[in-house]
Structure formats: structure tokens, C-alpha cells
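Report on the structure given below.
The values are calculated or read from the model by the stated rules, or taken from the named source; none is laboratory data. This is a predicted model, so every value here is computed, not measured. Heads up, the Cβs are rebuilt from the backbone with ideal geometry, glycines too, and the neighbour counts pull from every protein chain shown. These accessible areas exclude ligands, DNA and RNA; they are computed on the full protein's heavy atoms, side chains included. Shrake-Rupley method; radii C 1.70, N 1.55, O 1.52, S 1.80 Å.
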Amino acid sequence: MIQIEKEDIEKHSRAAWTMWRSLWIENCKANKDLKNRVPIKNYLGAAKDTALVVAAFGHSLDKDLSVMLEHRGKFKLLCCDKAYGYLYSNGIIPDYCLVVDGSVSLDWIGGHKTDKTVLFSNIAANKEFVAAWEGPVAFYTNWDNIGTAKILGKVGDCYDLIPAASNVSNGQVMLANQILGAKTLLLTGFDYSWRDGGNYYASKDSEKRYYMNHLTT
């Protein structure tokens with residue numbers, strides 16, 4: 001398997017910055033004055049005394065639903081943006097949700113209530129997704145290897161940093177450890193295109209399995 005070098009990561013980061021810079025800045029400006037904004041420090045260590053289930057949206061999440069429902073009172077639950085509506089429609093209300101993407105569709109909420117869930121949001125995340133959230137919203141800024149946080153943090157008046165991960169699922173693990181302080185993490189739905197069979201998402205397949213196929217070496 002080819003080893004990714006530092007230069008490759010920086011090249012990818014700069015390409016993403018060039019493509020998305022205007023949208024990210026626009027989102028930061030809109031998110032800055034959100035009425036239900038709360039300090040992320042309010043949740044430091046919030047999961048240190050309990051097990052934390054971290055739910056991405058891969059195929060295996062569907063298989064774990066019955067176990068999660070049976071033991072729901074025994075753990076806290078952090079899900080990614082795309083898994084929220086799916087979990088809610090199956091009778092599971094997450095304690096926390098994470099949104100990172102500057103253009104993730106509002107449709108993933110599925111029209112469900114969000115007042116009982118804390119949203120952790122990249123300050124540059126989709127302003128429409130964030131504005132629709134009814135519960136508390138705690139912002140952070142992605143710290144990457146080319147220093148975009150220095151610009152976005154200032155625009156969005158957000159100086160709480162979390163090291164950037166390659167996607168929202170990996171970002172959940174960073175959040176769980178660095179903010180929520182969870183000592184016991186139970187992961188579900190992290191398979192995505194790591195497997196040959198099954199849907200890409202828990203609820204449906206996606207063309208992503210063809211251009212984000214981690215099985216290719």
C-alpha cells in the first residue's frame with residue numbers, strides 16, 4: 001500500500017481550500033451570530049463517566065440498531081450529521097451530533113426535531129444545516145496543516161480548535177476524545193466502503209463506493 005507523504009496531504013489541503021474557501025467564509029459569517037450558540041467548553045468531559053457510542057453511517061449501523069435500542073439508557077450517543085435522521089426515525093435520539101461539511105444537505109435531518117440533541121459544528125459547516133438546529137450548537141474550528149483556522153476562526157469568532165480529521169467520522173473520534181473525554185468508545189457504522197458487500201450508507205447505497213473505495217491498494 002502506498003504511504004501518503006506530508007507533501008501529499010498539504011497538496012490536498014490547499015486544493016480543498018482553493019475550491020471551498022468562499023463557501024467556508026460565507027458559512028462562518030452566518031454561523032457567528034447564531035442565537036442558540038453555546039461554548040464548546042460546556043461539554044468538556046461530558047462523557048467521561050459513561051460509555052459513548054460513536055455512530056457513523058456505514059452499513060453496520062443498521063445491524064446494531066436493535067442492540068442500541070435495547071440498551072439505550074446505558075450509554076451516550078454521538079452521531080455524524082448524515083446518521084441523525086436515520087437514527088431518529090428508528091426511535092433513537094442522539095445526545096450529540098457532529099457536522100463538518102460546508103455543504104452537507106439539510107435533508108439528512110429528515111424533518112425531525114433536534115431540540116434534545118447538542119450539535120457540535122465546524123464553524124465553516126453548512127449554515128442552513130446549523131440554522132435549522134433547535135438544540136444547543138457548540139462551534140469549533142478545524143486545525144489543519146496549512147493554517148486555515150487562523151482565517152476561519154477570526155471570521156467566525158471561534159478559537160476552540162480540534163485537529164482536522166479526513167472526514168466527519170474520524171472527526172467524531174477526535175471530538176469524543178478531546179472534548180467529551182470518553183474513556184470507553186463503541187464504534188458502529190464505520191465500515192462505509194471498507195467492505196465489498198452491503199450498502200455504503202446504513203439506509204441506502206451511494207456512488208461513493210466507486211470513487212472512495214478504501215479496498216483499492
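Cα-based values for the range 72-182, radius of gyration first and Dmax second, are 13.6, 42 Å.
Each semi-axis of the equivalent ellipsoid for the range 147-193 is √(5λ) with λ an eigenvalue of the Cα gyration tensor; in descending order they amount to 25, 14, 7 Å. Go through Pro94, Phe120, Leu34 and say which Cα lies farthest out towards the positive end of the charge dipole of the range 1-123; charges sit on Cβ, +1 for Lys and Arg, -1 for Asp and Glu. Result: Leu34, furthest along the dipole toward the positive end.
Restricting attention to the range 137-184, which chymotrypsin sites (Phe, Trp or Tyr not before Pro) occupy a DSSP loop and are surrounded by at most 14 other Cβ atoms within 10 Å?
Details: sites: Phe139, Tyr140, Trp143, Tyr159; in loops: Tyr159.
Taking the range 137-184 and a limit of 14 other Cβ atoms within 10 Å, the loop chymotrypsin sites (Phe, Trp or Tyr not before Pro) found are Tyr159.
Using just its DSSP H runs of length 4 or more, each adding -39500 (n - 2.57), the chain gives a mean residue ellipticity at 222 nm of -9500 deg cm²/dmol after division by all residues. Calculated FRET efficiency, Glu128 and Thr50, Cβ-Cβ r, R0 45 Å, to nearest 0.05? Using R0 = 45 Å, I get an efficiency of 0.90. Here the Gaussian network model covers the chain, with springs between Cα atoms less than 10 Å apart; of Asp191, Asp33, Asp62, Asp33 fluctuates the most.
The residue list Val104, Gln172, Thr18 was ranked by how far each Cα lies along the charge dipole of the chain toward its positive end, using unit charges on Cβ atoms, and Gln172 comes out on top.
Modelled spin-label separation between Lys183 and Glu10, with each label point placed 7 Å from Cα along the Cα-to-Cβ direction: 4.0 nm. Here the chain is treated as a sphere whose radius is the Kirkwood value from Cα pairs; by Stokes-Einstein at 10 °C and 1.306 mPa s it diffuses with a coefficient of 89 µm²/s. Magnitude of the charge dipole for the range 26-94, about its Cα centre and with charges confined to Cβ atoms of Lys, Arg (+1) and Asp, Glu (-1), is about 320 debye. Along the range 102-114 the Karplus relation, 6.51 cos²θ - 1.76 cosθ + 1.60 evaluated at θ = phi - 60°, assigns HN-Hα couplings of x, 9, 4, 6, 5, 4, 5, 6, x, x, 7, 5, 10 Hz to successive residues, with x for each Gly and Pro.
Each residue of the range 86-92 is assigned a 3J(HN,Hα), and the resulting list reads 5, 5, 4, 5, 9, x, 10 Hz, derived from the Karplus form 6.51 cos²θ - 1.76 cosθ + 1.60 (θ = phi - 60°), x at Gly and Pro. For the chain, averaging the sequence separation of C-alpha pairs within contact (under 8 Å, six or more residues apart) and dividing by the residue count gives a relative contact order of 29 percent.
Quick one: among Tyr86, Tyr96, Tyr43, which has the greatest mean-square fluctuation in a GNM of the chain with alpha-carbon springs under 10 angstrom? Comparing Tyr86, Tyr96, Tyr43 in a Gaussian network model of the chain, the most mobile one is Tyr43. Assuming charge only on the beta carbon of Lys and Arg (+1) and of Asp and Glu (-1), the dipole of the chain about its Cα centre is about 460 debye to the nearest 20.
Over the range 95-148, average the accessible area per residue using a 1.4 Å probe and give it in Å², no decimals.
Counting only protein heavy atoms, the per-residue value for the range 95-148 is 35 Å².
Surface composition of the chain: carbon and sulfur make up 52 percent of the accessible area, probe 1.4 Å. Each principal axis of the Cα cloud of the range 1-72 was taken in turn, and the coordinate range along them, longest first, works out to 46, 46, 23 Å.
Please find, in a Gaussian network model of the chain (springs between Cα atoms separated by less than 10 Å), the residue of Pro163, Pro136, Pro94 whose mean-square fluctuation is greatest. Answer for the Gaussian network model of the chain: Pro163.
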